[in-house]
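S.K.: Input: one structure, supplied below.
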Amino acid sequence: MSKIQYKFKYDEYGNTREIIVYGSGSAATSISFVNKGTAFNEDERSKLGLQGSLPPGIRNIDDQIENTRRIVDEKIEDIERFIFVRALFDRNVTLAHAVIRSDLQKYMGIVYTPTIGLAVRKFSALYRQANGLHFYPGNIDMAEDILRRYMHRDIRVAVVTDNQGIPGMGDQGAGGIAVCLGKLMLYTQGGGIAPWHCLPISLDVGTDNEELLSDKKYLGWRNHRLKGEEYLSFVGRFVRAFRNVFPDAICQWENLNRHNAFGIRDAFADEIITFSDDIQGTGAVTLAAIFSAMRAKNESITAQKFVIFGDDSGSVGICEQLELALKEEGLSEQAARDMIFLADRDGVITTKRAGEYYLKRYAKDPKRFKWLKDVGSSVAATIKQCAATVYISTSSTDGCIDQGVVQALQNNTERPVIVPLYSPVEMTEQCVRNIYEWTNGKALVVSGIPLNDFEFQGRSCTISQGNNVLIFPGVGLGVLASGAREVLPEFFNAAARAVSSHVSRTELDQGQLLPGVGELEKVSNKVALAVAMCAVKLGVSRPCVFSNFQHQSEESRMWELITRMRWNPQYLPIVPM
C-alpha cells in the first residue's frame, strides 16, 4: 500500500479546516484535493518546493474561474466541455467545483444530464484517469481491503451502480460509473459534501450489451452479466465489505434495473445506510410537484386520482411516495392504493399479471374494477374510467402525450396535473406547448428536462424540471447530520414538502411547481433540515459521528450543524510537513 501523502483536519462541525501535505513538488500538485495551480501563494510555493514549476504570476480563484469559463465557452461541443471539466476535476477539484457553482444550471447540463449519456456510451474511449472503484468477480473477495485504502478520506457518501439500468440506454457495462461521479458532483454542489468524502463505485458484473462485448477496446469485465444467486452473492459480498469499512456512510444505489433496484434496496436496508434515488428520489420530486399543484389548485391530494405510466423503478417509487402521502392525510392503506393506477404499455397492472412483490401492492383486481376489461391498453380510457386528475409518465417510449389523454384528464378536472418525466428531448417542448393549447393554459405541467420560459396568451409561463437533484443532496446531508442509521420512506415525503414550500405564490401563478436549480443550495439545506427533524420525530436520530458539535435533537442546533458542516469550493490552507 502506498504511503498517504495528505491528511484532512476538521473543525467542530466536521467541515474540513486544512490539509496537511507530506509530499512536495509534483507529489503535492498531483493530488487534486491539494492542487491550486496558479493560486498557490509565495509561501506555499516555497514550502512545497514549487519554485520554478509555476509561472511567477499568481491568480486568485475568481480569476481562475473567469479564465476557465472562457476556455469552456470556446469549446464547440458539450462532450468537449465535459472532457475538459472532468480533466480539471481530476487535477484541481476545488476549481472544478467553483466553476460549476458559478453557473450551476449551465454546468449541470455539461457534467450530468444530458451530456453524461454520451460520456457513458464512450466510457472506454474517453477513459483517462482512475476516479472511483471497479469491483468485478476477479477482485470482489478483496473488496474490504480495497475500500480501506479510502479510509483516510472519511467517506460519507458512495453512489453505487451495477450499470444495467441507465435511463434511456439500459445496460452500458462499466460506463455506468460516469453517472455515479456526476451524481456525486451534485451531492457536493447541493449538499455541501466535500468531494474527498464521496466515492463512486461500479459493481461490474458483466454486460449483456453485445456491442460492448465485441468491442476490443471495452474496459469492463468482458462476460455476460451474473444473474440469480451469483449476482446476489456478489452484491452481498460488496455490502458486507462496505458495512465493515464505512458503517456510517450512505450507500446510494444508482441505475439498477427495476427488479434488482427493489430487491437490493429492501434486502440490505437493515445492514447499511442506504436508499435508491431511482426509486425514492424520483418518487419524492414528483410528489413535491404534486404538493405544489395542490397549492395552485387549492385542493387536497386526497381529492385526486392518479395514473402513473411506466415500467421502470421510478414509476413504482412514485406510487410508494403517493401512498404514504395519502396515508399521512388520514386514508387507510387500501383507500390510498385504490386511488393509484399503475400502467404500462399493456394497460393497468392487474392482479393477474403482477408477479413481483413491489407491483402487487398496486395491482388492481378486475373483480373490483370491472371496467378494466373494457379499456385494454388505452391510457385515455383508463383516465376516463378511474376519473384521474393527475397523469405521470416515466416511460421514454411514451412519446408526446396525445390530445385524447389531455382531454380525458380535463373532463375530470379544470386544471389537470401532467408530468412527462422521460419524454424524448426533441418532443418535450412541443408536447408542453400542445398541453397548454389544449387546456387553454390551465394544465399544471412538470417536464423531465429543462425548458425555456415561453409566452402563452400574453403571460410568461415557467415549466419546472422534475430533477432528482432537488431531493438527494438534501436527503444525504440530513441523514448525515441527524445521525440516522436508516433512511425511512417518511424522509422523502418530508423532503417533498420542503421542496414544494420553496415555491412562492407568484411562481405558482406562473406555472412553476418546483424550484429552479439555481436555488439548489437553499433548497438542499431546507430538505436536510426537514429530513433531520423527521428522523428526530420518528426516533431514529443519533449523534452525528462526523461532528464534535451535536444537534441534541433541537431544530436550531440541527440547522447550525447542517449549514456549518457544508463544504464550499474555496481553497483550504495547506500545511506542509
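The values are calculated or read from the model by the stated rules, or taken from the named source; none is laboratory data. Given the structure is predicted, the values throughout are model-derived calculations rather than measurements. Cβ coordinates were reconstructed from backbone atoms using ideal geometry, including for glycine residues, and neighbour counts include every protein chain displayed. In case anyone asks, the SASA skips ligands and DNA or RNA and just uses the protein heavy atoms, side chains included. Shrake-Rupley method; radii C 1.70, N 1.55, O 1.52, S 1.80 Å.
S.K.: In the list Gly190, Gly176, which residue meets the criterion of being crowded, with 23+ Cβ neighbours inside 10 Å, outside any loop (DSSP other than H, G, I, E, B) and either of a type in the set (S, T, N, Q) or in contact with a strand residue (DSSP E or B) (Cβ under 8 Å, 6 or more places away or on another chain) (or both)?
M.R.: Unique residue meeting the criteria: Gly176.
S.K.: Can you tell me how many residues in the range 449-465 are buried (at least 23 other Cβ atoms within 10 Å of the Cβ) and part of a loop (DSSP other than H, G, I, E, B)?
M.R.: So the answer is 1.
S.K.: Quickly run through the range 1-43 and pick out the residues that are of a type in the set (S, T, N, Q) and either modelled with pLDDT of 95 or more or part of a loop (DSSP other than H, G, I, E, B) (or both).
M.R.: Ser2, Gln5, Asn15, Thr16, Ser24, Ser30, Ser32, Asn35, Thr38, Asn41
S.K.: Right, here's the next one. So which of Ala381, Ala388, Ala443, Ala363 is open to solvent by less than 10 Å² (accessible area, probe 1.4 Å), under 29 Å from His259 (Cα atoms) and more than 25 Å from the chain's Cα centre (by Cα)? Spell out how you get there, then give the answer.
M.R.: Working: Ala381 fails: open to solvent by less than 10 Å² (accessible area, probe 1.4 Å); Ala443 fails: under 29 Å from His259 (Cα atoms); Ala363 fails: open to solvent by less than 10 Å² (accessible area, probe 1.4 Å).
Ala388 is the lone residue from the list that is open to solvent by less than 10 Å² (accessible area, probe 1.4 Å), under 29 Å from His259 (Cα atoms) and more than 25 Å from the chain's Cα centre (by Cα).
S.K.: While we're here: Looking at Ile58, Ile83, Ile71, Ile76 in this structure, which one is open to solvent by 40 Å² or more (accessible area, probe 1.4 Å), outside the structural domain of Ser482 (by the TED database) and more than 25 Å from Lys183 (Cα to Cα)?
M.R.: Numbers: Ile83 fails: more than 25 Å from Lys183 (Cα to Cα); Ile71 fails: more than 25 Å from Lys183 (Cα to Cα); Ile76 fails: more than 25 Å from Lys183 (Cα to Cα).
From the options Ile58, Ile83, Ile71, Ile76, the qualifying one is Ile58.
S.K.: Please state which of the following conditions Pro195 fails to meet, knowing it meets all the rest: (1) in contact (Cβ under 8 Å) with a residue 60 or more places away in the chain; (2) open to solvent by 60 Å² or more (accessible area, probe 1.4 Å).
M.R.: The one condition Pro195 does not meet is (2).
S.K.: Any idea which of Ser292, Ser300 is open to solvent by less than 10 Å² (accessible area, probe 1.4 Å) and in the same structural domain as Ile418 (by the TED database)?
M.R.: The unique qualifying residue is Ser292.
S.K.: Hey, could you check the range 510-548 for residues that are in contact (Cβ under 8 Å) with a residue 40 or more places away in the chain and either assigned by the TED database to the domain that holds Ile155 or charged (D, E, K, R) (or both) and say which is nearest to Gly458 (Cα to Cα)?
M.R.: By that ranking, first place goes to Glu521.
S.K.: Is at least one residue of the range 203-210 without any contact (Cβ under 8 Å) to a residue 12 or more places away in the chain and either open to solvent by 10 Å² or more (accessible area, probe 1.4 Å) or touching a His at 6+ places or on another chain (Cβ under 9 Å) (or both)? First the steps, then the outcome.
M.R.: From the range 203-210, those without any contact (Cβ under 8 Å) to a residue 12 or more places away in the chain are 210; that's our starting set.
Going one step further and asking which of them are either open to solvent by 10 Å² or more (accessible area, probe 1.4 Å) or touching a His at 6+ places or on another chain (Cβ under 9 Å) (or both), we end up with 210.
Yes: one or more hits.
S.K.: Only one residue in Leu488, Leu513, Leu480 is over 21 Å from Tyr187 (Cβ atoms) and within 20 Å of the chain's Cα centre (by Cα). Which one? Let's see the steps before the verdict.
M.R.: Working: Leu488 fails: over 21 Å from Tyr187 (Cβ atoms); Leu480 fails: over 21 Å from Tyr187 (Cβ atoms).
The conditions single out Leu513.
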